[in-house]
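The values are calculated or read from the model by the stated rules, or taken from the named source; none is laboratory data. Only a predicted model underlies this, so the values are computations on that prediction, with no experimental measurement involved. Neighbour counts run over all protein chains shown; Cβ positions are idealised from the backbone, glycine included.
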Amino acid sequence: MAGSLPLSKDFRPFDVTNPSTYEFNRPFESDIFTMIYFLSEVFVHKDAVTRFLKTCFARMKKGALLIVIDFKHADVQSWIDTCAKQGGLEGSGKEEELVMDTSEQKSILKRYSDKFNIEPKIRSQVFYRLFRKT
């Protein structure tokens, strides 16, 4: 390899609705943060999660990136855009239809599709955001 990219992973379980569980600093020193289908899952707890987002954005180091991918929903999009702006992040994004590869092996999901009588989603409306801490 021409150059090396130092990587580290740090997994710490915490509850975004409970500030006492995310009162640590190390994860906030990261260069890249991701929120993949996270916001739509926690939107029901918007007020409590907003406190987490404000803490996260305030502790992010200058130049750190935040990548957001989630289901397209105007309220969720407005929420993250507002929180990011208030937290000193600048960025841009777009919305589009995501089409999964139909050759994907779905046989491992058969017991769930049989149990719930549904097929895995092939198409979904999503939004993307890329923010940088300024």
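Filtering segment 75-134 to residues that are aromatic (Phe, Trp, Tyr) and in a helix (DSSP H, G or I) leaves Trp79, Tyr112, Phe116. I'm trying to understand the selection: among the residues of segment 42-97, which are among the basic types (Lys, Arg) and over 17 Å from Pro19 (Cα atoms)? Passing the criteria: Lys61, Lys62, Lys72, Lys85, Lys94. Restricting the first member to segment 89-115 and to residues that are at pLDDT 80 or above, and the second to residues that are assigned to a loop (DSSP other than H, G, I, E, B), the beta-carbon pairs closer than 8 Å and six or more apart or on different chains are Leu89/Met60; Leu89/Thr134; Glu90/Thr134; Glu95/Lys72; Val99/Ile122; Ser113/Lys106; Ser113/Glu119; Ser113/Pro120. Counting only residues that are over 11 Å from Arg132 (Cβ atoms) and of a type in the set (Gly, Ala, Ser), segment 53-78 holds 3 of them. Checking Leu98 against (1) closer than 26 Å to Thr134 by Cβ; (2) of a type in the set (A, V, I, L, M); (3) surrounded by 10 or more Cβ atoms within 10 Å (Cβ to Cβ), which test does it fail? Status for Leu98: all satisfied but (1). Of the numbered criteria (1) out of contact with any Cys (no Cβ under 8 Å at 6 or more places or on another chain); (2) on the phi < 0 side of the Ramachandran plot, the one Gly87 fails is (1).
Examine segment 116-124 for a residue that is β-branched (Val, Ile, Thr), over 28 Å from Ser8 (Cβ atoms) and at pLDDT below 95, and state whether such a residue exists. Quick ask: steps written out before the conclusion?
Applying the first criterion (β-branched (Val, Ile, Thr)) to segment 116-124 yields 118, 122.
Imposing the further condition that a residue be over 28 Å from Ser8 (Cβ atoms) reduces the set to 118, 122.
Subsequent filtering for residues that are at pLDDT below 95 retains 118, 122.
Yes, segment 116-124 contains at least one residue that is β-branched (Val, Ile, Thr), over 28 Å from Ser8 (Cβ atoms) and at pLDDT below 95.
Comparison of Ala64, Ala84 shows that the only residue that is buried (at least 16 other Cβ atoms within 10 Å of the Cβ), closer than 22 Å to Ser8 by Cβ and touching a residue at least 12 places away in the same chain (Cβ under 8 Å) is Ala64.
Taking (1) in contact with a Ser or Thr (Cβ under 7 Å, 6 or more places away or on another chain); (2) among the small types (Gly, Ala, Ser); (3) closer than 25 Å to Leu7 by Cα in turn, Ala48 satisfies each apart from (3).
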